[in-house]
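Report on the following structure.
Laboratory data are not the source of any read-out in this text; all were calculated from the coordinates shown. These numbers come from a predicted model, not from an experiment. Here Cβ is always computed from backbone atoms with ideal geometry, including for glycine, and neighbour counts include all displayed protein chains.
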Amino acid sequence: MRIVFTKIGDIRDQLIGTGLLIIALTLMVARQDDAFQNVRKASLTVISYVEAPLSNVRVYRSALRTNAALEQNTIMLQDEVSRLRSLREENDALRALLDMRENSEYDMQPVRVVTKNLTGINNNILINAGSNQGVQVGMPVVNHEGLVGTVIITASNHAQVLPLFNRQFRASINIEDSRAYGILSWESGNLSELVINFVPQTIPVADGLRVHTSGLSSQMPPNIPIGKVVRTEPEPGRETQRIYVRPFVNFTSLAEAHVLLFHPDPEITQLEEEWREAFK
Amino acid sequence: MKQSLGLDLIIAFIFLTMQIMLFRHLDILGLQADVMFLFVLWICAHRNRTYALGIAAVSALMLDILTDTWGVHLFSKTLLVLGAQRLVSQQAENKLLPGQTFMLILSIAIVYNLVFLLVSSFAGIYDTNLMFIKYWIGNSVYTALVGIIFYLLTSD
């Protein structure tokens, strides 16, 4: 039997391959060796020079991504700021209402404005409290700034309010530091001024004086702030003057209020009824 | 094709440069195409095995040096030449259709990337446990796509 030896040339590639694999394995193992670190450092230096021009492209791409992310964050933060501002305003208004409620001598029913129609035609406000909450027709509606209006219709859990800016609204008022009384109304000129009639010209009324309810009406308690005098005009052909008032209440931002659970003195009410009966 | 060591080294250098400066940065969802793998396949298709082993080893070693992988490319590409040279050179003579070429490149790339990732894990270069399948299959498909594009651009 003859033994056939494989020639070196037949397995040349396998031998070369095995050698290369051994070199590769040696490199992999030696990679962590301290003596090899200088070679690695040199190769990293070379690659850093090669990579340097491309790093600008990478930085640019990264900057674009970062920019997009930051824009998104900015929008979210703006939204958050806007929401927080809104909450702060609401918080301020509620705190003021709370203070007013604690200092008031009357019971109050806190209400929220459900709808607000201040377009100039049949201005009215709908609130979320009605007869079930003790709200009755004629009760004044106020907020921390002053008088809002009076209740004109009540349902079980809702009521309609006649605001200052309604031609049907009337209130007996008094101007501070004087004994000037008059009737406050709105003449539908604009949604920023009310007018007081029937104040004699002999009574000097300066701009900036505060106006509040007089208490002469049985419908409203005295000293509810209403607004500030902005100008006066003598009424032609009469001895009275017209006093224009800018209300304290900002109807644009009005969202919460209180209904003053004010009940007129029964004796006064009875006297008024008897008076009306007597002149029927 | 006429064998020319100088020309092949220049082509190897071009592929090496493309790999380092271009394809390392053209990653898609973290996947990279290995154009040096395509170069080695090309060498296997047009040169004899001993020659291909030499060229592949030199270029793989250069790639190892420049990517700080030290031996991983050399090992896997040497195995690639040893294992695939005969198949690739035979199929190159058969003038395969583009679809068949794509499937051939993809099949070899899947085996090659499996070896490459296992060797990388052994060398402690990549922690491939979490994304093993993604890198394995994803890199193979990406490389095969680039390969078929090269093939279509360079074929008659």
Excluding residues fewer than 8 places away in the same chain, name every one of the lysines whose C-alpha is closer than 26 Å to that of A:LYS41. B:LYS77
Considering only C-alpha atoms, what is the centroid distance from region A:40-118 to region A:129-176, in Å? 40
Unit charges at the beta carbon, dipole of the protein assembly as shown: most positive-side option, A:VAL137, A:GLN219, B:SER155: B:SER155
Total charge dipole magnitude, region B:42-119, about the Cα centre, Cβ charges on Lys, Arg, Asp, Glu only, Debye to nearest 20: 260
Normalised by the number of residues in chain A, what is the relative contact order in percent for Cα pairs under 8 Å and 6+ residues apart? 15
So what are region A:207-261's ellipsoid semi-axes, whole angstrom, largest first, if each one is the square root of 5 times an eigenvalue of the alpha-carbon gyration tensor? 25, 16, 9
With charges set only on the Cβ (+1 for Lys and Arg, -1 for Asp and Glu), what does the dipole of region B:5-154 come to about its Cα centre, in debye to the nearest 20? 340
Cleavage-rule hits, trypsin sites (Lys or Arg not before Pro), region A:119-192, DSSP coil, Cβ neighbours within 10 Å at most 11: A:ARG179
Semi-axes of the equivalent ellipsoid for the protein assembly as shown, please: Cα gyration tensor eigenvalues, times 5, square-rooted, ordered largest first, whole Å. 99, 21, 20
For region B:5-154, just the Cα set please: Rg and Dmax, both in angstrom. 14.3, 42
Between A:SER82 and A:LEU44, how high is the FRET efficiency from 1/(1 + (r/R0)^6) when r is the Cβ-Cβ distance and R₀ = 51 Å? Nearest 0.05. 0.55
For region B:101-114, Karplus couplings with θ = phi - 60° (6.51, -1.76, 1.60), whole Hz, Gly/Pro x: 4, 4, 5, 5, 4, 4, 4, 5, 5, 5, 5, 4, 5, 4
Name the residue farthest towards the positive end of the dipole of the protein assembly as shown from the options B:GLY99, A:MET100, A:ASN56, assuming +1 on Cβ of Lys and Arg, -1 on Cβ of Asp and Glu, about the Cα centre. B:GLY99
For chain A, the longest stretch holding no GluC sites (Glu not before Pro) located in a DSSP loop with at most 10 other Cβ atoms within 10 Å is which? A:106-238
